[in-house]
């Protein structure tokens, strides 16, 4: 009979902790525990999720009292002798502030997941993120200081797709490292959790700020059932510990499944462990109410920070990249600013009645025409009264606002809410978002993307220019910072 036991990271093994049926934690195997670094080879930091303070219990000492930390010898339920509990007072734990790789969105030293449907630019978003880090342009921990990125990709060709995308995004290619593993004289892909310890060594040696996984699922060992929470955690928990001990952020792409759920976390393909172990989830979705096919990025989960960060809207343009075989056309992502409409709104609409979509489109058309007739703006009470006279409910009117390109503000004394056609409510010549394998470069008709007024970077920081020999095919609308 073949062995289907999931593999584990070198130097650590799962064990029962006695807190309940099926509860498992990670502990050092004897060889790893005997080495000062927690690794049998001494090549990397201790990956055990234990302790966290400066106190080191004395082996073989007396059973500690309630005010003392120390080991308690025991024989585990699995019959293994020599196991012991390590108790550390919370007062001995060094408290730290959260460090953000991307301010308020992606934490450093933790796993983040970026899920979405196929063909909406998730890989281009990862290339954009890589470029900003290697240029020191990403607002956050490493702003102003270019840092290396390890890029693990399994679905696309480096020569035809990944390297050209990184070039088009403006990345410093000398700071982006493709990762492979030499094993028994052959070159193989990175596999988790088997290669975790080796990965720690290289991340520490180079000072890597980001481990980009495209997609994260493909890096999990084939013997691990990624639909079973307990098995998947044997790969993800060592990866989370890797991020914690090195300070490197891990960002993994994930796909949405085919269910009709309106919850981005429930849509992630595989076990719920993907979203449970991740400290942040940034979901993306195409906005069907945007005529130019633009997409929205939203914070679906943030255990370490705010959840109310602004939704960001992006589109995909085409760029020409010179190669030894001639020019190549690839997609390049461009953020256009904030979006009133979030991924949760888009998913909820998709899960709803199709008749609602038609009703909202009609309401958006009416809203644009009405505000145009009023000189571009009107007080909300008067607008709502006119809408109800046309048979449009307040709920439908509010849901149509983004599609109509309308923004709101409060002004005057006493303050009143005013709905106004946005200043950037103008035709866009940007290319729509298409599946990345089909970037034909043919522009669509005009469209609207809602409110896009907020920049993404520090205005005092002059971003690095794109390579001189790259041709950009984009036309950013006036009034939009990018």
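Of 360, 410, the sequence from fewest to most neighbouring Cβ atoms within 10 angstrom is 410, 360. Across every direction, the projection of the convex hull enclosing the Cα atoms of the range 249-394 has a mean area of 13.3 nm².
Taking other C-beta atoms within 10 Å as the exposure proxy, 377, 202, 394 rank 394, 377, 202 from fewest upward. For the range 352-421, the relative contact order is 40 percent, taking Cα pairs closer than 8 Å that sit 6 or more residues apart in sequence and dividing their mean separation by the residue count.
Computed over the range 202-315, the convex hull of the alpha-carbon atoms projects to a mean area of 8.6 nm².
Extension gain, residue 205-residue 223: 0.36 nm per intervening residue step, less the Cα-Cα distance, totals 3.5 nm. For the range 369-392 versus the range 161-227, the inter-centroid distance based on Cα atoms is 54 Å.
Taking N as the residue count of the range 352-421, its C-alpha radius of gyration divided by 2.2 N^0.38 Å amounts to 1.09.
With a 10 Å Cβ neighbour count serving as the proxy for reagent exposure, in which order, fewest first, do 85, 175 appear?
Details: 85 13, 175 19.
Result, fewest neighbours first: 85, 175.
A short reminder: the numbers here are calculations on the coordinates, not readings from a lab. These numbers were taken from a predicted model, which means no experiment stands behind them. Cβ atoms come from the backbone with ideal geometry, glycine included; neighbour counts cover every protein chain shown.
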